[in-house]
1. Which ones in region A:286-327 are within 14 Å of another protein chain (Cβ to nearest Cβ), surrounded by fewer than 24 Cβ atoms within 10 Å (Cβ to Cβ) and either touching a helix residue (DSSP H, G or I) at 6+ places or on another chain (Cβ under 7 Å) or over 20 Å from A:GLY147 (Cα atoms) (or both)?
2. Which condition does A:GLY464 not pass, out of (1) buried (at least 24 other Cβ atoms within 10 Å of the Cβ); (2) modelled with pLDDT under 95, if it passes all the others?
3. Would you check if there is a residue in region A:133-141 being under 26 Å from A:LEU308 (Cα atoms) and outside any helix (DSSP H, G or I)?
4. At pLDDT 95 or above, farther than 23 Å from A:THR61 by Cβ and hydroxyl-bearing (Ser, Thr, Tyr): is that true of A:SER473 in this structure?
5. Assess whether A:VAL89 counts as being touching an Asp or Glu at 6+ places or on another chain (Cβ under 6 Å), away from chain B (no Cβ under 11 Å) and open to solvent by 20 Å² or more (accessible area, probe 1.4 Å).
6. Starting from region A:331-346, keep only residues that are without any contact (Cβ under 8 Å) to a residue 24 or more places away in the chain, then list their pairs with residues that are part of a helix (DSSP H, G or I) and open to solvent by 10 Å² or more (accessible area, probe 1.4 Å) whose Cβ atoms are within a distance under 8 Å, requiring at least 6 positions of separation or different chains.
7. Return yes when B:ALA16 is part of a helix (DSSP H, G or I), out of contact with any helix residue (DSSP H, G or I) (no Cβ under 8 Å at 6 or more places or on another chain), open to solvent by 40 Å² or more (accessible area, probe 1.4 Å) and modelled with pLDDT under 95 and no when it is not.
8. crowded, with 24+ Cβ neighbours inside 10 Å and in a helix (DSSP H, G or I): does that describe A:VAL356?
Amino acid sequence: MSIPAAVFLGYFVVVFAIGWLSLRRTRDEADYWIAGGKLGWFTGGATLAATHTSAGTFVGTIGVMYTAGWSFGWVLISIPLAYWFVAAVLAPRFTRVRQLTLPAFMEARYYSKGVRGVAAVIVLIATVVYIQAQIVAGGLVANIVFGIPTQWGMVAFTVILLAYTVVGGMVAVVYTDAFQLVIMILGAVLALPLAVRQVDGFSSLLYLVESAQPTVFRWGTLPGSLLFTMGLAFFLGSISTPEKLIRLYAMKDMRTIRRGVLFATTVVTLLNLLVFVLALAAIVLFPQLPTGDLAMPMVATAVLPPALGAMMLAAITAAMMSTVDSLLIVAGSALSVDLYQNLIHPEVTLARRMWVDRLGILVVGSVPVLLLLSGVGQGELVQFIVLLFTALMAASFVVPVVGGVLWRRATREGAAAAMVGGVTTTFLWKALGPAAIDPVLPGFLVSGFLWWSVSLLTPPPPPGAVAPYFVRSSTGVSP
Amino acid sequence: MNGAVHGALDQAVDGAVTGPGFMFWGLFVACGAVLVAYLVWMLWTERR
């Protein structure tokens, strides 16, 4: 067995073992969807950081920096600012009534099953397609490491993800995320000094990179409007995506959330800075790559020794898996809890709920790979929607969620209009609008305007429905 | 690869390369400042 294959096999064995052991700690639905709401700051922060860090950080981000230069790096500032906003403003209000899913929050705050249904459908569609693209990337990694056909790699990747996510739910995801975060940190920390040594040290790297790409440290390589709106997309995406919001319910109290968020944001910021410097090394070592997306795979395969290169590829896979497993939880709960148990078959017995929950994840995890194997969703469509994922989530949920805990007058009609209008505008802007402005800005603005204006034009919400979010109280988990 | 690196380094030092400056180091300082500010806010919140 080759060294990379052995490194990967060891990595998968540990992930699977953690998932299996988590089964014992999953006794009811609250355990299954939000880890019982008992996570401490370390596990809560680690799963938040691992979920935030996707393959995009290791491949896409480094690719943009390779092409556009260091000015793109300043977009990073929006991430710690976003998490600070979450800890200071959103979390204290959002967690007053603990729910199992984000659509359940929407029903509670906006006193409407219909609003919950709309939220669940948006989550389900966007998430399933996003998972599909990640599975394609997983198949490609399996092809590089094990030499198996990409299609078999996609199936294997899905089976491993489903094996521990279906069995252990959120508890399994949290602990595998913590392990995967360690792999990501190790991959980046060990790769950086070796890559920098190849260019004769850090100070020569900074001069060489400017020699190879004279504009690397200059403003203007990206339009200012695009930098600003990309920063806005990162900011809004960090506070609004369901897989991150649900982690606030999983941590046990506000003190834990504040500490967990600090831990997560520190790790995410440092990991990104490490990856940025790796991008500079890639510019010097491989100045003629046809696409920036090849920068990290080139560093992993051509610069690092085999074991470390495999570690780097494992880090990319870990980033991918830790994001996809969290999305499986979100999409599975949208299907089984929000749509099936809430709208279609509310009389389902408690004993059956756990099976329905598991079936939900199995279905949303299997559909993407089945679609891919039948030739649906490959190519540009998937990439198109992957790029839109954060913008869609931000345009759908930021205003109704953040605004919902800050403004009593917001109504269910306003929330529904904000979600539908935000999604529609984002799609239309991506298809027809100028590329210099990220679609998140028009999507967010339209969502906000509709939420505000429609709320004022419709009857105010019943005081009892919104009271829990505006009066200090502490309640348990309410499914 | 190191030979090529040395050649490019000599060329870079001789040429009009100004070095990274604020744009590069400023990002590290700015990220550090936000994280320290968060820490101070957290400790202040918990002491209230």
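1. Looking only at region A:286-327, we keep the residues that are within 14 Å of another protein chain (Cβ to nearest Cβ), and these are A:286-288, A:298-299, A:302-304.
Adding the requirement that they be surrounded by fewer than 24 Cβ atoms within 10 Å (Cβ to Cβ) leaves A:286-288, A:298, A:302-304.
Those that are within 14 Å of another protein chain (Cβ to nearest Cβ), surrounded by fewer than 24 Cβ atoms within 10 Å (Cβ to Cβ) and either touching a helix residue (DSSP H, G or I) at 6+ places or on another chain (Cβ under 7 Å) or over 20 Å from A:GLY147 (Cα atoms) (or both): A:PHE286, A:PRO287, A:GLN288, A:MET298, A:VAL303, A:LEU304.
2. (1)
3. no
4. Details: at pLDDT 95 or above: no; farther than 23 Å from A:THR61 by Cβ: yes; hydroxyl-bearing (Ser, Thr, Tyr): yes.
It is false that A:SER473 is at pLDDT 95 or above, farther than 23 Å from A:THR61 by Cβ and hydroxyl-bearing (Ser, Thr, Tyr).
5. Numbers: touching an Asp or Glu at 6+ places or on another chain (Cβ under 6 Å): no; away from chain B (no Cβ under 11 Å): yes; open to solvent by 20 Å² or more (accessible area, probe 1.4 Å): yes.
So A:VAL89 does not fit the description; no.
6. A:TYR340/A:VAL356; A:GLN341/A:ARG353; A:GLN341/A:VAL356
7. Details: part of a helix (DSSP H, G or I): no; out of contact with any helix residue (DSSP H, G or I) (no Cβ under 8 Å at 6 or more places or on another chain): yes; open to solvent by 40 Å² or more (accessible area, probe 1.4 Å): yes; modelled with pLDDT under 95: yes.
It is false that B:ALA16 is part of a helix (DSSP H, G or I), out of contact with any helix residue (DSSP H, G or I) (no Cβ under 8 Å at 6 or more places or on another chain), open to solvent by 40 Å² or more (accessible area, probe 1.4 Å) and modelled with pLDDT under 95.
8. Values: crowded, with 24+ Cβ neighbours inside 10 Å: no; in a helix (DSSP H, G or I): yes.
So A:VAL356 fails the test.
The values are calculated or read from the model by the stated rules, or taken from the named source; none is laboratory data. Values in this document were obtained by computation on a predicted structure and should not be read as measured data. Positions of Cβ are generated from backbone atoms using ideal geometry, with glycine treated the same way; all protein chains shown enter the neighbour counts. Quick note on the areas: whole protein, heavy atoms, side chains included, nothing else; ligands and nucleic acids left out. Shrake-Rupley method; radii C 1.70, N 1.55, O 1.52, S 1.80 Å.
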